[in-house]
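The values are calculated or read from the model by the stated rules, or taken from the named source; none is laboratory data. These numbers were taken from a predicted model, which means no experiment stands behind them. Note that we place each Cβ from the backbone using ideal geometry, even for glycine, and neighbour counts take in every protein chain shown. SASA here: full protein model, heavy atoms, side chains in, ligands and nucleic acids out. Shrake-Rupley method; radii C 1.70, N 1.55, O 1.52, S 1.80 Å.
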Amino acid sequence: MRSKLVAGNWKMHGDFVKNAALLGELVTVDTSVAGMVVIPPFPYLAQCRELLGARGVGIGAQDVSEHPSGAYTGEVSASMLGDVGCEYVLVGHSERRSIHGESDKVVARKAVAACAGELVPIICVGESLEERERGETRSVVERQLSTVLSVAGLDVLRKSVVAYEPVWAIGTGRTATPEQAQEVHAFIRGILAARDEGCAASIGILYGGSVKASNAADLFAMPDVDGGLVGGASLVAREFLEIHRAAVMAVR
Ligand code: PGA
C-alpha cells in the first residue's frame, strides 16, 4: 500500500525567528502513519535539519541544478543539498516553469540530477486555467510527464513523487474539487501503468493548490490522492498539523 505524505512548500517566506517557532510546533509530529516534509528556502535548510533532528519530519529544497558541479553561478547541486540533510527536492514547480522559463526538458534533467544525488524529486505537473478551459488538462499533464519518461526514464520515475498542481488553484484559494483531483491523478497513474504497472501502483501522487485544513480530508480520501503539496497553509503550524492529521485519518 502507498503511504501518505504532506509536504510544505514555504516558497520565499520565513526568517530565523519565524522558522524556529514553526519548526518547534512541527518537531513532535508522529510521522509513523503519514510522512511530513518541510521545503524551506535554501538558506534555512540547515536550520530545519538542526531543529527537526535526524528523524521524523523530512527536509526538501525548492529547486536543484541540472548539473553536478561547475561554473553555474547561483545554482545549487543535488549533492550539496544532500550535504545539508535534504532528502527531497521540488522540480518543475509551476512558478519555476512560468517565472523562470523552465522547460519540460529542464525539469526532466533536474529530476535526473536529483536522483543521481540520492534525493527524491517531487515532480510538479499541472495545467493553467486557459489550458483547462480549452479542455487541454490531460494533454498538458501527459506532455509534462512524457518528457520526464523519455528524458529521465522509468528508473527515475520509480524513485520520484509526482505532484499534480493545477496552476489555477495555486495560491488562489480555489481548490480543485476532490473529483477533479482524482480524475487527473487516475489519469497520471494510467500513463505510468501503460509503461510499468509496478511504478504506477507504488508512486506517490500528491495534490497541490490551496490545500487547507478544511479541504484536506476530502481530497486525501480520493483513492489516487496520496497526500498534499501545501503552500500557504504550511506556514501556519496549526493548519499544517491538521492537514497532516487528515492524511493520517485517510490511512486509518
Ligand atoms: P498553495 O501553494 O497551497 O498556497 O496554493 C501550493 C504550491 O504552490 O505548492
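Identify, please: which residue in region 146-179 is charged (D, E, K, R) and either touching a strand residue (DSSP E or B) at 6+ places or on another chain (Cβ under 8 Å) or on the phi > 0 side of the Ramachandran plot (or both) and is, among those, most open to solvent (accessible area, probe 1.4 Å)?
159
Show me the helices (runs of 4 or more DSSP H) entirely contained within region 158-252 in which 2 or more residues are within 14 Å of residue 6 (Cβ to Cβ) and either within 15 Å of the ligand (Cβ to nearest atom) or under 14 Å from the mean Cα position of the chain (by Cα) (or both).
By residue number, 213-220, 237-251.
Which of the following residues is modelled with pLDDT of 95 or more and within 16 Å of the ligand (Cβ to nearest atom): 140, 107?
107
Between a first residue in region 1-28 that is closer than 14 Å to residue 226 by Cα and a second residue that is open to solvent by 10 Å² or more (accessible area, probe 1.4 Å) and within 16 Å of the ligand (Cβ to nearest atom), which pairs have beta carbons less than 6 Å apart while being 6 or more apart in sequence or on different chains?
2/204; 5/204
For residue 57, only one of the following conditions fails: (1) closer than 23 Å to residue 156 by Cβ; (2) open to solvent by less than 20 Å² (accessible area, probe 1.4 Å). What is its number?
(1)
Can we say residue 242 is farther than 30 Å from residue 109 by Cα and either open to solvent by 10 Å² or more (accessible area, probe 1.4 Å) or basic (Lys, Arg) (or both)?
yes
Before we move on, is residue 29 within 16 Å of the ligand (Cβ to nearest atom) and of a type in the set (Val, Ile, Thr)?
So residue 29 fails the test.
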